[in-house]
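The values are calculated or read from the model by the stated rules, or taken from the named source; none is laboratory data. Quick caveat, the model's predicted, so the values are computed rather than measured. So basically every Cβ, Gly included, is an ideal-geometry build from the backbone, and we count neighbours across all protein chains shown. All accessible areas refer to the heavy atoms of the entire protein, side chains included, with ligands and DNA or RNA removed. Shrake-Rupley method; radii C 1.70, N 1.55, O 1.52, S 1.80 Å.
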There are 6 protein chains.
Amino acid sequence: MLVVGAHSADFVWRAAGAVARHTSRGGEALVVALSYGERGESGELWKQPGQTEENVKCIRHEEASKAASAVGARFEAFDLGDYPLRVGPEAVDRLAELMRDFAPHVVLTHPEHDPFNPDHPAAHAAVAQARLLTSGAGVASGFRTAPPSEFLVFEPHQPELCGFTPTVYVDITPVFERKVEAMAAMAAQQYLQEYYRQRAEQRGNHARKVTGDAGIRQAEAFQRLLPNVVEAL
Amino acid sequence: MLVVGAHSADFVWRAAGAVARHTSRGGEALVVALSYGERGESGELWKQPGQTEENVKCIRHEEASKAASAVGARFEAFDLGDYPLRVGPEAVDRLAELMRDFAPHVVLTHPEHDPFNPDHPAAHAAVAQARLLTSGAGVASGFRTAPPSEFLVFEPHQPELCGFTPTVYVDITPVFERKVEAMAAMAAQQYLQEYYRQRAEQRGNHARKVTGDAGIRQAEAFQRLLPNVVEAL
Amino acid sequence: MLVVGAHSADFVWRAAGAVARHTSRGGEALVVALSYGERGESGELWKQPGQTEENVKCIRHEEASKAASAVGARFEAFDLGDYPLRVGPEAVDRLAELMRDFAPHVVLTHPEHDPFNPDHPAAHAAVAQARLLTSGAGVASGFRTAPPSEFLVFEPHQPELCGFTPTVYVDITPVFERKVEAMAAMAAQQYLQEYYRQRAEQRGNHARKVTGDAGIRQAEAFQRLLPNVVEAL
Amino acid sequence: MLVVGAHSADFVWRAAGAVARHTSRGGEALVVALSYGERGESGELWKQPGQTEENVKCIRHEEASKAASAVGARFEAFDLGDYPLRVGPEAVDRLAELMRDFAPHVVLTHPEHDPFNPDHPAAHAAVAQARLLTSGAGVASGFRTAPPSEFLVFEPHQPELCGFTPTVYVDITPVFERKVEAMAAMAAQQYLQEYYRQRAEQRGNHARKVTGDAGIRQAEAFQRLLPNVVEAL
Amino acid sequence: MLVVGAHSADFVWRAAGAVARHTSRGGEALVVALSYGERGESGELWKQPGQTEENVKCIRHEEASKAASAVGARFEAFDLGDYPLRVGPEAVDRLAELMRDFAPHVVLTHPEHDPFNPDHPAAHAAVAQARLLTSGAGVASGFRTAPPSEFLVFEPHQPELCGFTPTVYVDITPVFERKVEAMAAMAAQQYLQEYYRQRAEQRGNHARKVTGDAGIRQAEAFQRLLPNVVEAL
Amino acid sequence: MLVVGAHSADFVWRAAGAVARHTSRGGEALVVALSYGERGESGELWKQPGQTEENVKCIRHEEASKAASAVGARFEAFDLGDYPLRVGPEAVDRLAELMRDFAPHVVLTHPEHDPFNPDHPAAHAAVAQARLLTSGAGVASGFRTAPPSEFLVFEPHQPELCGFTPTVYVDITPVFERKVEAMAAMAAQQYLQEYYRQRAEQRGNHARKVTGDAGIRQAEAFQRLLPNVVEAL
């Protein structure tokens, strides 16, 4: 499983439960952050007098690594800069190369649109392109390919305004404490911990309503961008 | 698994493979036809001189029963009339009662829109309402309920014009011969057999492209109307 | 060509130019009004003291007949009542029967949605159903059919809010005076004459912009609901 | 302000804050419940042995009246039955007559679609039609009209799946305790109180993000169905 | 209030009334033109023999300044070239810096799509990105921010084909003469003056229909891209 | 008629019939390939040991020229590279210049979206921009223009997932053998010949269903992006 976020903390709020669920079953997960969100998403840190961009990045790297560990994933940073995140051809190629090496069965990233954030759509576009450059057209190619992967987007902060419609709820009840731990590692964005704890409970409520399964307490929502191929319904 | 069609042959073209896949694994399947399609969809039969509606219905009942058998399903007809199919409150209640008794894990029917057929949307509306009357609001109710079921629509004849976007491909390669047999039973609509054989191959091509699995030869396409709740991605 | 409006004046504002263009080339056109719009759309008439519904209908019949004549069409009224227009199964069947007899090559009516008018969507639904009951499934049927017709909706009063997107502009420049004459016949809705004169000019501007043809001065906009089959592009 | 819900508790979860905000400024508010939700949405009550529909309705009436009082509104029940709620022509006319008498400046109800509830869309359709029958076509009419009103839908339980996109956030911070009190009155649906308390906080978070106004703690989301006419931006 | 157009005349046709309404109440307005529209939108000027790009720009600058004055706004030109307008990172940063200095409460620009104009979508993308770079994520940032602003798009030439749906009508009746004066200043595009005079009247008709307020004669239409936060409905 | 594909074979599968229909009536057709698809879409060729990019391009050029000849068109290659196809400003200008010289009455290319192919959307964007740079704003311009052209997109491989909805079916029955011949020329993608033969038959079925014309055996589907201006319906 590969999770690509525009900023180093994105995977925590939006997909840490799905990551933990995957790794707790023995799966491997890699988190890539295209930037540290050092300028636009590190509110608490910038309140400290004399703060510098380098120091913010350092702290953010540590926090994200710790959060990734909490859910059993590796963390890798591209450090491309934020606000704006601009992902050039070389970075797309680097991401594609990483996909060829890692050969994920699932790729998770931001939705295509976000009227509140300039970097999330840039991350989406880069991931979508890298993934296609990796998979080729399903035939023999003049370049190295990886097996096709599933492609989903995780939940944005204001879902309806990003055109996000959930098509998959992942039951994260058994690993919820690990998501809480991962969120706790993001000291610079404490105000989001309660927000995403509540959101997990609401999505849990939604998943219970769909299935009638009272055992589901917390869930994460995703939107699948490509059809799901199954053996039977 | 419950499949509800506006006319007795609808399930054959659009979902016989998914039915066969389910029953071949030991699952139970029930096909309900709201009408026989006796007036509007029995072209070949009406070319016979002296043909009557009763006789057409008779033949259509036999054909559909045979097709259902071919894929391991039971067939039940509501005989509500076609062109137009008008499903009143009593028929909705009958359908709801049937759902309470049968308690399907999946319900399949037509999409909500079809600019080429007046009966398909009527069937969709009836099934959607009956299903909700059956499931209640996920809490204790003042009426008998069934466990919540998944809800998908099968592929219409001209998918893009019905607003149909596939979200699930079912690989029907292992049971394709049974679908062919079911289609062969619909003698009154022979012209559709080649059409839906080709369509199964095209959807197989699409499913191969998504998964890279060269073993998939035929598939059927469905659109899930409610999110899928899963344990992990 | 068959034009069906919820109220007797609808065809004038929205399609009189297309009707005139068709009849001026020798085509036949029939206008059906499901109601006279006697309660909700006869503003000026109700300002007269002692006005009655019967009298309003009478005047509206005359006006509509005159307007239809101006553009070379016949006018027929179903008189089903307005605000609300409720089109029952019998009226749908009557409309279908009329379609079987008249066998139009094009059917024009209101769009499916209109947040400002309760009767326009009711008219759309009735026309769409009658048309499908008439055309059958493209195979031999157990009922009398008419050849398939094209199906378009004409422009509503506030197009964007009705989900109307033009896909066809009809150049009505050569017959615009006949549309003006038809509009002038609707004495009860004088305030709309200037509105739709301006609208014809704007659509003319749009059509000029699409084609570069400076000769187009007035146009009417339509949205085609089914694909157009052509011999070549 | 007029709020119409399919069931007697709907207004509490979804619009009690906006009602309280309006009445606390001296505005008048009327809540209409088309049914009591006695069969499908009274979970706790049906767990009591020997429970009857009449008794459930009684309790629900009291609860809703108390909740309405808490936010300064009057409560009126149409008692049309739930699961399914079927709103016939007479009930639409009764609602229209009520609108003519009350002449609300704003009408609030459910969104047009809800794949989890059969009664919410029925309520929407009835309110939309009654409102149009009341407002007429903006000209003199053959029936009594009320001044045009604004028309908004309130937030459904699973917003993205109902096609709900917020276009207005109402800051309910100053009256949030009154909404809490109204929710507390709905003893039969205690499990929803925490859910909608959290939702108010999330919408507060969203409204803060849009405005930068840190004073907003709780909000309710609405979608406006018609354009807003303003004097200046 | 900040209005950003791809070409120097865009603000006149689409937003001059809203600007005049704002300034006539004592508000401040700044108009930014990313280009002069010197190549693609200066039809009349290019008919003069020996015309040069420099001269066209000069005339366009004067016209736009005069039009801006007529509605009480300042005019500033970025002169980035048109057909195509290509807005690089530096120009986005310049626009962001301007937003930080000017701190507008409302930002107006073109819609995201326009199948008739290559420059309008480029302007939209630049404005949207600059605005987000300015507002930050609603928390303390590593860069200078401005308070969040409202974000609306103004009406394009063929609204339905640009996906434009009005959500706000601004009543410009009291300042319409100032808009007429501003339009008159655009001598190079006289053919648009009548077009946009008519459009203002039609939007006035629409706004009257929504409100029943017969005093509204002219209006401009806008689409709000972010929810509106209000104190009460 | 101008057809622009991202790769040299695209026009064959998707538009060869419409091209043949046009040229068989004496029309002129030019096919432009932005790349040869040498890396991502030349599966069979890369199976040969020692294959090189140059050699693949050579073969692809020959194949495409032969296919173009089969349907009476000229073939021109831009050779911009594939997977990824990156179309810079110079290539857009070259395309625009070509459009000014060739002055096509119709431009055909890929749809705007394709979740399976990174190059198709890039081709669409380039063609759309070049076409607008060519047509100008419908007024005298400071650059050379061509007369406005119609703009349609051809059918992608998985239509629903690319947001493709057919609005025009071209009956290619009389020229189908020429399309078969063109497809046969694409030796490197033999697996697609059967796929697109079947698709032509399905679209023929759809076109028959729309028109009732039993003579239509094969068709191609297109989506028109701009309204069609006609003299009469």
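Quick notes on this one:
- Here the spin labels are modelled as points 7 Å beyond Cα on the Cα-Cβ line, and at D:Glu62 and E:Thr165 they lie 4.4 nm apart.
- Using the 1.4 Å probe convention, the accessible area of the protein assembly as shown works out to 32 Å² per residue with neighbouring protein chains retained.
- D by Stokes-Einstein for the protein assembly as shown, Kirkwood Rh over Cα pairs, 37 °C, 0.692 mPa s: 99 µm²/s.
- A point 7 Å from Cα along Cα→Cβ stands in for A:Glu44, and the other copies hold the same point at 3.7, 6.2, 6.2, 7.2, 7.3 nm, listed in rising order.
- In the stretch E:141-183, comparing the full protein assembly with the chain on its own, the residues that lose 50 Å² or more of accessible surface at a 1.4 Å probe are E:Gly142, E:Phe143, E:Pro148, E:Gln158, E:Glu160, E:Leu161, E:Tyr169.
- Between C:Arg144 and A:His105, the modelled labels are 6.3 nm apart [label points 7 Å from Cα along Cα→Cβ].
- Chains B and C together, accessible area buried on both sides, 1.4 angstrom probe, square angstrom: 1400 Å²
- Selected from B:Ala214, B:Ala125, B:Ala184 as most flexible by GNM, with chain B as the system and alpha-carbon contacts under 10 Å: B:Ala214
- Per-pair calculated FRET efficiency, R0 = 41 Å: A:Asp93 and A:Val230 via Cβ, rounded to 0.05: 0.75
- Amide H contacts of E:Phe151 (H built 1.01 Å from N, under 5 Å, at least 5 apart or other chain): E:Val107, E:Leu225, E:Leu226
- Reported to the nearest whole Å, the Cα centre-to-centre distance from the stretch E:171-188 to the stretch B:22-59 is 67.
- Annotation note: GluC sites (Glu not before Pro) in the stretch E:23-69 located in DSSP loop regions with a Cβ neighbour count of at most 15 within 10 Å are E:Glu28.
- By accessible area, using a 1.4 Å probe on protein heavy atoms only, the stretch F:2-224 has 49% of its surface on carbon and sulfur.
- Candidates B:Phe102, B:Gly81, B:Ala33 compared by Cα position along the dipole of the stretch B:1-117: farthest toward the positive end lies B:Phe102, with charges placed on Cβ.
- Sparse-neighbourhood loop sites, GluC sites (Glu not before Pro) in the stretch B:150-233 - DSSP loop, at most 16 other Cβ within 10 angstrom: B:Glu231
- Shortest-first nm distances, E:Gly27 label point to equivalent points in other copies (7 Å, Cα→Cβ): 2.2, 4.7, 5.0, 5.0, 5.7
- Chain E: Cα Rg divided by the 2.2 N^0.38 Å rule of thumb: 0.99
- Under 12 Å, Cβ to Cβ, from C:Asp10 - net charge with Lys/Arg +1 and Asp/Glu -1: -3
- Only helices enter this figure: runs of n ≥ 4 DSSP H residues, each worth -39500 (n - 2.57), summed and divided by the residues of the protein assembly as shown, yield -13500 deg cm²/dmol at 222 nm to the nearest 500.
- Estimated inter-spin distance, C:Arg86 and C:Ala125, nm [label 7 Å along Cα→Cβ]: 1.2 nm
- Exposed-loop-free span, longest in chain A, where trypsin sites (Lys or Arg not before Pro) count as exposed if DSSP calls them loop and at most 13 other C-beta atoms lie within 10 Å: A:48-143
- Residues of the stretch A:38-64 that bury at least 50 Å² of accessible area when the other protein chains are present, relative to the chain alone (probe 1.4 Å, heavy atoms, ligands and nucleic acids excluded): A:Arg39.
- Ascending list, in nanometres, of distances separating the A:Pro174 label from those of the other copies (7 Å, Cα toward Cβ): 2.5, 5.1, 6.6, 6.6, 7.5
- Nearby aspartates and glutamates by direct alpha-carbon distance to B:Lys47 (threshold 14 angstrom, same-chain neighbours under 8 apart not counted): B:Glu38
- Residue of chain D whose Cβ sits closest to the axis mapping D onto E, with distance in whole Å: D:Thr167, 3
- Net charge over other residues, Cβ less than 12 angstrom from the Cβ of E:Ile59 (K, R count +1; D, E count -1): -3
- Positions from the stretch A:211-233 whose accessible area shrinks by 30 Å² or more when the full protein complex is built, not the chain alone, probe 1.4 Å: A:Thr211, A:Leu226, A:Pro227, A:Asn228, A:Val229, A:Val230, A:Glu231, A:Ala232, A:Leu233
- Total formal charge among the other residues, if their Cβ is under 12 angstrom from that of B:Asp82, Lys/Arg +1 and Asp/Glu -1: -2
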